[in-house]
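Scroll down for the structure; my scribbles are underneath it.
Please treat every number below as a calculation from the coordinates, not as lab data. Note that the structure is predicted; figures quoted are calculated from it, not measured. Glycine gets a Cβ as well: all are built from the backbone with ideal geometry, and neighbour counts include every protein chain shown.
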Amino acid sequence: MAFQIITAEQRLAEPRGVKGVLVGKSGLGKTSQLWTLNSVSALFFDLEAGDLAVEGWTGDTIRPRTWQDCRDFAVFIGGPNPALRDDQPYSQAHFDAVCARFGEPSVLDKYETVFVDSITVAGRLCLQWCKGQPQAYSEKTGKPDTRGAYGLMGQEMIAWLTHLQHTRGKNVWFVGILDEKLDDFNRRTFSLQIDGSKTGLELPGIVDVVLTLADIKSDDGTSYRAFVCHTLNPWNYPAKDRSGRLDMIEEPHLGRLMTKMAGPGKPASERLDFTRPANLDLNTTSSTQES
């Protein structure tokens, strides 16, 4: 098969879905963001069984209970990966088997957004499954090998997230709990609460957007909730905006935020512009780093 050249016009005309991560401390209203989505075109991927916050929401829900359920849904909504062998998950054979059980994937056409709550629980299901695989046992002693289980979990989670990331025509949001810790220098650090380290480290590079739902204090001492959207922010929260359309702080309304991301982008001249602050001496900075 010859390579297909995709023209700029074709690429710009393709349907584009946002793949994002929404993190925040418990109780700030991450799950409640479901209320900001169109209930007709949103699908609630309920892993936590913690839907009390959205009781009365009229959208559709699925409730996976195992890691295999999670993998089956990913291939059902994302289609097969032609680069994989038939004995691998997300392959054509896997896709065909899932379609034989669930029917035609066209039943998912009505959904524009999949809201996965939460990636933290998905990681637990994945680790539980990994602990039962051959890689989780020592070849010499036959005893459980924790390093092998976590290594397999990292591979499984990245493969799952990457497959969902390639579902171009749909928005997929992964909700997670934000962990706060103090490092050796008593500085606050933040990270996604999930078993193992590989997923948390690689996830920001897979998705388009990372949002932290935070409680921010204003100058007068009052607090308000907001999305932190830029990597460089004064609180050091996890954040990223690949679209270049978001401000550092956005109102905590996921529906309107996606509408903004679908709007016109900034010109390349603005996105690539670097204006040196007046009080920054580049020569001094360079010499300090070298020393």
_Return the equivalent ellipsoid semi-axes of the range 113-235 as a descending list in whole Å, where each equals the square root of 5 times an eigenvalue of the C-alpha gyration tensor._
32, 20, 11
*asked:* Can you bin every Cα-Cα distance in the range 64-175 into 10 Å intervals starting at zero and give me the percent of pairs per bin, rounded to whole numbers?
replied: 14, 41, 33, 10, 2, 0
*Over the chain: helical MRE at 222 nm, DSSP H runs n ≥ 4 each giving -39500 (n - 2.57), nearest 500*: -9000 deg cm²/dmol
*Hey, what do the phi angles of the range 250-255 turn into as Karplus ³J(HN,Hα) couplings, whole Hz, using 6.51/-1.76/1.60 and θ = phi - 60°, x for Gly and Pro?*
10, 5, x, 9, 5, x
*Inter-site label distance for Arg124 and Asn233 at 7 Å from Cα along Cβ, in nm*: 2.6
*Relative compactness, the range 130-194, computed as alpha-carbon Rg over 2.2 N^0.38 Å*: 1.57
_With unit charges on the beta carbons (Lys and Arg positive, Asp and Glu negative) and the dipole taken about the Cα centre of the chain, which residue among Ser223, Gln33, Gln68 sits farthest to the positive side?_
Gln68
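Assuming R0 = 41 Å, what is the FRET efficiency of Lys217 and Glu55, from their Cβ-Cβ distance, to the nearest 0.05? Each step should come with its number before you reach the end.
Details: r = 31 Å, r/R0 = 0.75.
Plugging the Cβ-Cβ distance into 1/(1 + (r/R0)^6) gives 0.85.
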*Equivalent-ellipsoid semi-axes (√(5λ), Cα gyration tensor) for the chain, whole Å, largest first?*
33, 26, 23
*Just how far, in whole angstrom, is the range 176-194 from the range 132-155 if you go by their alpha carbon centroids?*
28
*Under Karplus coefficients 6.51, -1.76 and 1.60, residue-wise ³J(HN,Hα) of the range 146-160 in Hz, glycine/proline x*: 4, 4, x, 5, 5, x, 5, 4, x, 5, 5, 5, 5, 5, 5
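Measure up Lys25/Lys143; Lys143/Lys198; Lys110/Lys181 against 30 Å on the Cα-Cα distance and list the ones that go over.
On the way: Lys25/Lys143 37 Å; Lys143/Lys198 23 Å; Lys110/Lys181 41 Å.
In this structure, Lys25/Lys143; Lys110/Lys181 lie more than 30 Å apart at Cα.
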*Which stretch or stretches of the range 232-250 have amide N atoms under 15 Å from the point lying 7 Å from Arg16's Cα along the Cα→Cβ direction?*
241-246
*Would you mind telling me the antiparallel percentage of the DSSP bridges in the chain, rounded to 5?*
40
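Could you tell me what percent of the DSSP beta bridges with both partners in the range 1-145 are antiparallel, to the nearest 5? Don't skip to the end; give the middle numbers.
Values: 1 of 9 bridges.
Within the range 1-145, antiparallel bridges account for around 10 percent of the total.
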*Per-residue HN-Hα couplings for the range 221-233, Karplus 6.51 cos²θ - 1.76 cosθ + 1.60 at θ = phi - 60°, whole Hz, x for Gly and Pro?*
x, 6, 10, 8, 8, 7, 8, 9, 10, 9, 4, 8, 9
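Can you order the peptides 105-112, 69-76, 163-170 by their average number of other Cβ atoms within 10 Å per residue, highest first? Let's see the in-between values first.
Working: 105-112: 13.1, 69-76: 20.9, 163-170: 16.6.
Sorting 105-112, 69-76, 163-170 by mean packing, highest first, produces 69-76, 163-170, 105-112.
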